[in-house]
Amino acid sequence: MRVLNYLELASHLDRSGIGTAADQQRAALRTTDVEVLTTPWKGDSPVAAAEYALRGRGAFREYDVAHCNLIGPGTLAVARHARRKRVPLVLHAHVTREDFAESFRGSTYVARPLGRYLRWFYSQADLVLCPSEYTRRILESYPVEAPIRPMTNGVDLDSLTGFESLRDEYRERFDLEGMVVFAVGNVFERKGLSTFCELAEETEYDFAWFGPYDTGPHASSTVRYWVENSERVTFTGWVDDKRGAFAAGDVYLFPTKNENQGIAVLEAMACGKACVLRDIPVFEEFYTHGEDCLKCETHEEFRAALRRLNADPELRERLGENARETASEHSLDRVGERLVEAYEDVLDGDAG
């Protein structure tokens with residue numbers, strides 16, 4: 001079976017959750033017999049493909065299934081080509097109206113018309129894959145008129161191997177001591193930035209957010225404010241080795257407002273870190289309060305959870321060990337098996 005696994009604008013998304021998800025799909029498929037193409041274009045670019053088309057040789061490569069991870073014009077071209085050629089089309093719903101809001105400047109205003117576009121776009125698929133049951137319910141509410149199948153993004157355990165060895169280096173680099181409360185990923189208000197920074201100001205622990213941030217014209221005013229004014233949070237910017245972030249931190253704090261799954265949570269759990277999460281619907285299907293994490297709703301609950309974990313290292317260790325077991329249930333081997341099953345189903349016309 002030859003499958004196109006396509007991520008439009010891949011070079012611009014290597015620091016994003018979507019980029020990580022696509023990388024993990026490809027890593028998962030390497031454990032199977034599927035042959036994977038990562039570009040649909042003859043000549044490896046749209047410009048080169050256009051030259052092929054002008055010569056009457058066609059712009060697109062040949063594949064049995066098209067699996068696309070984004071929603072832009074290149075992906076739309078692949079989707080239209082797939083429909084013309086009757087190639088089964090799988091669209092991966094990493095983007096929803098709900099999780100697009102409060103990301104970039106103006107994203108909340110764009111979210112409503114984006115929802116209308118996503119309803120039309122995803123409805124073209126023979127099968128829509130999404131990271132969670134929660135996301136499926138969101139898509140069904142639009143409504144998307146295509147079969148929808150939840151499938152974990154998984155976690156690349158191999159990519160975290162040896163993280164412990166980087167602890168001293170990264171704590172020294174960013175001047176971190178004691179129980180370090182941390183987050184990993186792009187700095188967005190949707191991910192609970194204000195709550196994170198307010199908790200830093202109200203407590204005595206070191207706080208660090210490992211990940212890129214934008215203070216330019218695309219940045220929200222909230223991101224600019226906290227990055228430029230918070231004296232209690234270390235904003236590291238992009239780090240070349242994510243293992244260093246998970247090594248340096250002790251408690252993963254993620255007061256996010258909306259997620260389709262949250263790959264960084266699984267990575268923190270795979271590293272045996274105690275996790276404090278906002279109690280939102282998507283986390284209900286993956287994690288259990290008091291077993292592999294602590295879930296909080298109010299500001300006071302977040303403060304109390306951090307105090308509790310600081311005072312009780314044994315609780316941190318127990319939550320971390322259970323979290324490691326939870327993460328193992330999302331291995332890429334399992335993701336590979338589920339992807340092959342999905343491809344076989346669309347080829348057989350049995351995706352529903």
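The values are calculated or read from the model by the stated rules, or taken from the named source; none is laboratory data. Nothing here was measured: the structure is a model prediction, and the numbers come from that model. Because the Cβ atoms are built from the backbone with ideal geometry, glycine has one as well, and the counts that use them run over all protein chains shown. The area values use the complete protein model at the heavy-atom level, side chains included, leaving out ligands, DNA and RNA. Shrake-Rupley method; radii C 1.70, N 1.55, O 1.52, S 1.80 Å.
Among Ala274, Ala208, which is touching a residue at least 24 places away in the same chain (Cβ under 8 Å), of a type in the set (Gly, Ala, Ser) and in contact with a Lys or Arg (Cβ under 7 Å, 6 or more places away or on another chain)?
Ala274
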Taking the stretch 216-237 and the residues there that are over 22 Å from the mean Cα position of the chain (by Cα) and of a type in the set (Ser, Thr, Tyr), the one that is least open to solvent (accessible area, probe 1.4 Å) would be Ser230
Out of all the residues in the stretch 310-325, is one or more closer than 18 Å to Gln261 by Cβ and free of Cβ contacts under 8 Å to residues at least 12 places away in the same chain? no
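With respect to Ala245, is the statement that it is in contact with a strand residue (DSSP E or B) (Cβ under 6 Å, 6 or more places away or on another chain) and not acidic (Asp, Glu) true?
Values: in contact with a strand residue (DSSP E or B) (Cβ under 6 Å, 6 or more places away or on another chain): yes; not acidic (Asp, Glu): yes.
Yes, satisfied.
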Whether any residue in the stretch 90-103 is among the hydroxyl-bearing types (Ser, Thr, Tyr), modelled with pLDDT under 95, buried (at least 19 other Cβ atoms within 10 Å of the Cβ) and more than 23 Å from Arg338 (Cβ to Cβ) is what I want to check. yes
Quick check on the stretch 172-191. Is at least one of its residues within 17 Å of Ile18 (Cα to Cα), of a type in the set (A, V, I, L, M) and outside any loop (DSSP other than H, G, I, E, B)? yes
Scanning the stretch 278-290 for residues that are within 14 Å of Gly320 (Cβ to Cβ) and under 17 Å from the mean Cα position of the chain (by Cα) gives Tyr287
Heads up, the strands (runs of 3 or more DSSP E) in the stretch 1-76 (entirely inside) with at least 1 residues that are farther than 27 Å from Gly211 by Cβ and open to solvent by 30 Å² or more (accessible area, probe 1.4 Å) are 2-6, 35-37
Answer yes or no as to whether Glu321 is at pLDDT 95 or above, out of contact with any helix residue (DSSP H, G or I) (no Cβ under 8 Å at 6 or more places or on another chain) and farther than 27 Å from Arg243 by Cα. no
Ala208 meets each of (1) in a loop (DSSP other than H, G, I, E, B); (2) closer than 25 Å to Asp240 by Cα with one exception, condition (1)
